[in-house]
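Shown next, in structure tokens, is the structure this report addresses.
Please treat every number below as a calculation from the coordinates, not as lab data. Just so you know, these numbers come straight off a predicted model, no measurement behind them. Cβ placement follows ideal geometry from the backbone for every residue including glycine, while neighbour counts extend to all protein chains displayed.
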Amino acid sequence: MYDINLTSVYYIYRLDEKLMFNLILFGPPGSGKGTQSDKLVEQYGLIHLSTGNLLREEISNKTPLGLEAKKFMDKGQLVPDEVVIGMIDSSLEQHKKARGFLFDGFPRTVAQAKALDKLLELKKTSIASVLALEVNDEELIKRLLNRGKTSGRSDDTNENVIRKRLTVYNNETTPVADHYKKSKKFLAVNGEGSIEEIFSRLSEAIDKKLK
Ligand code: B4P
């Protein structure tokens, strides 16, 4: 219960000082965004907003939004921008007192990135840093097929759907990187190696930004 390390305490203090720290974890499907987000939110006390998780929750609750989203996700396509932006807007409203957000899997299109800029501007804040996990395609496919064996996720079991997701990423999501490169907020991080190695690369980049 009291097992919190001093580094975390120090940075949580720093986050309070700076009022808000918003981070985007960027990268292709299977690059480890979800895996690393779980560790980062614990370390830095941020609110984790994963559009993938929010959509899967809607699917498992069989809401109209979930049923609509499933049609796109099962084919490896992106869910329409207005649906995802609406979800993020209401999640931001639910966490008005957050010291910062970690966006995982969002934004995935330039339209989503521009909408996020506007939403954060209304809250008098902005994105501090975009950390992009880089992993080669064959490793991504291997990881996702492996996860598909146990996750029950229909988008992870079929290699054609996985390849479609990678194509969609290359065509629709990589331009998002240019959006953030313009404002010098973008940093590529090697996403290959052990989960702990990658976590320490990401933490090092965040700590530098917080100093
Ligand atoms: P997401 O839920 O965002 O998931 P992801 O991109 O598939 O995976 P992630 O990168 O988080 O990988 P993970 O850590 O889990 O998207 C799913 C779908 O939702 C999209 O295709 C799209 O249809 C829809 N969607 C989501 N957001 C959207 C948006 N903004 N707009 C439109 N549509 C949207 O890691 C994967 C696997 O690798 C795991 O099994 C993990 O254990 C393993 N792994 C992680 N790190 C590893 C390491 N270092 N070494 C070995 N294995 C590792």
Q) By the gyration tensor of its Cα atoms, with a ≥ b ≥ c the square roots of the eigenvalues, what is the shape of region 21-91: rounded for a/c under 1.5, prolate for a/b over b/c, or oblate? A) prolate
Q: Under a 10 Å cutoff between Cα atoms, tell me which one of Leu65, Leu78, Leu122 has the largest fluctuation in the Gaussian network model of the chain.
A: Leu122
Q: Decide, for region 63-211, between rounded, prolate and oblate: order the square roots of the alpha carbon gyration tensor eigenvalues as a ≥ b ≥ c, take rounded if a/c falls under 1.5, and otherwise choose prolate if a/b is larger than b/c, else oblate.
A: oblate
Q: Could you tell me whether region 90-141 comes out rounded, prolate or oblate from its Cα gyration tensor? Rule is a ≥ b ≥ c as square roots of the eigenvalues, rounded for a/c under 1.5, then prolate if a/b exceeds b/c, otherwise oblate.
A: prolate
Q.
Cut-off 10 angstrom, C-alpha nodes, Gaussian network model of the chain. Which of Thr35, Thr173, Thr150 fluctuates the most?
A. Thr150
Q) What ranking do Ile47, Ile162 get, fewest neighbouring Cβ atoms within 10 angstrom at the top? A) Ile47, Ile162
Q) By how many degrees, 0 to 90 and rounded to 10, does the Cα axis of helix 137-151 deviate from the longest principal axis of the chain? A) 80 degrees
Q | Simple Cβ-charge dipole of region 69-211, Lys/Arg +1 and Asp/Glu -1, about Cα centre, in debye nearest 20 | A | 480 debye
Q: Report, in degrees rounded to the nearest 10, the 0 to 90 angle that the Cα long axis of helix 51-60 makes with the longest principal axis of the chain.
A: 50 degrees
Q. Given H placed 1.01 Å from N in the peptide plane, which residues other than close sequence neighbours of Val189 have an amide H under 5 Å from its amide H?
A. Ala132, Leu133, Glu134
